[in-house]
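This report concerns only the one structure given below.
Read the figures in this text as sums done on the coordinates, not as results from a lab. All of these numbers come straight from a predicted model, not from anything done at the bench. Methodologically, a virtual Cβ is constructed for each residue, glycine included, from the backbone with ideal geometry; neighbour enumeration extends over all protein chains shown.
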Amino acid sequence: MESSAKPAASVGPRSDVYTIIAVLPFVVVCIIAAFLAAEQSRAIALNDALGRARTAMSEIDSELRGNILTVQAIVSSRSVEKSDVRGIYDEFRRVLGSQPGWLNIGLLSSTGSQLFNAVLPFGAPGGVQVDQDSLERALERATPQIGNVALGPAIDRAATRVRVPVLADGKVRFVVSVPLKPQLFEALLRDQHLPESWHITLMDGNRRLIAAVPPKAAEAEDTVEARRKAIKRALEGFTQVVREDGSEVYTSYVTSSFSGWTINIAVPKESVEAAAWKGAVPIVTGLLGALIIAALMVWLGSRRAMR
């Protein structure tokens, strides 16, 4: 009897080892699968933000193109054809009242000098021209150009401008300059209906703020690190930014080849990580269940061996 009890007792430890060895590959596979699921969920969350940034940028570009088309329509009038500056002024004054997104309509000569501002009396001094770069591009290339944020003397407000050249015999005769209200773009950003914790900003080619939702997003994103990371980067992608308050965000960005402006959508790091954890939860739960079952099997096996 004594000799037969010893082999029975030795079966228990060996069976426990076999069970553990059998379970180990499953555990390893589950850990790898959980990691891959988490990374996939993280990528999906980031790509969702990038997709929304693309959509927002597309709508911004459409708005800019629409304004350019409107300007091109009004410069096809007879007053423009005759170079009747006073007639153009009167016509622009009427048009300005029908365009709620426009702050002013200015007319510049082929040399870049201001002929008039529709918000000022005819003959009033034009003041110093701002955003000279977009004006020079319109004169040199004879194509519509999108400007950057600048404070104009006639409207005394920071705004972006569309510059539309008027051609005669293939040469630029005038340039029409229309500063656009920032609220025009803020409304487009609000129309994206992003989650409350997300921030969206629209920046010009010089990384100056055009619009932001919520407004505090501008303060959060306009950091030295954010500006540094914006240098020499692709037209779209992701960056991870540490804000001045110490919080971390993943920022998806899309830069328009049409305007040179950039849309940034900042997503709190905890939101992205929560999405990653959510993707891994089913696998982790299955792994824990399997480990509990394996432990129970080992315990039952050891109980039998002790009898």
Practice problem: Using only alpha carbon positions, build the gyration tensor of the range 66-181, then give the equivalent ellipsoid semi-axes as the square roots of 5 times its eigenvalues, largest first, whole angstrom. | Solution: 18, 17, 14
Quiz item: Using 0.36 nm per residue, how much length does the chain from residue 63 to residue 133 gain when fully extended, once their Cα-Cα distance is taken away?
Solution: 23.1 nm
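Please give the FRET efficiency for residue 193 paired with residue 234, using the beta carbon to beta carbon distance and R0 = 22 Å, rounded to the nearest 0.05. Working shown, then result.
On the way: r = 27 Å, r/R0 = 1.22.
So the FRET efficiency works out to roughly 0.25.
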Quiz item: Given R₀ = 51 Å, FRET efficiency for residue 155-residue 248 by Cβ-Cβ distance, to 0.05?
Solution: 0.85
Practice problem: Calculate, for residue 84 and residue 47, the FRET efficiency according to 1/(1 + (r/R0)^6) with r their C-beta to C-beta distance and R0 35 Å; round to the nearest 0.05. | Solution: 0.05
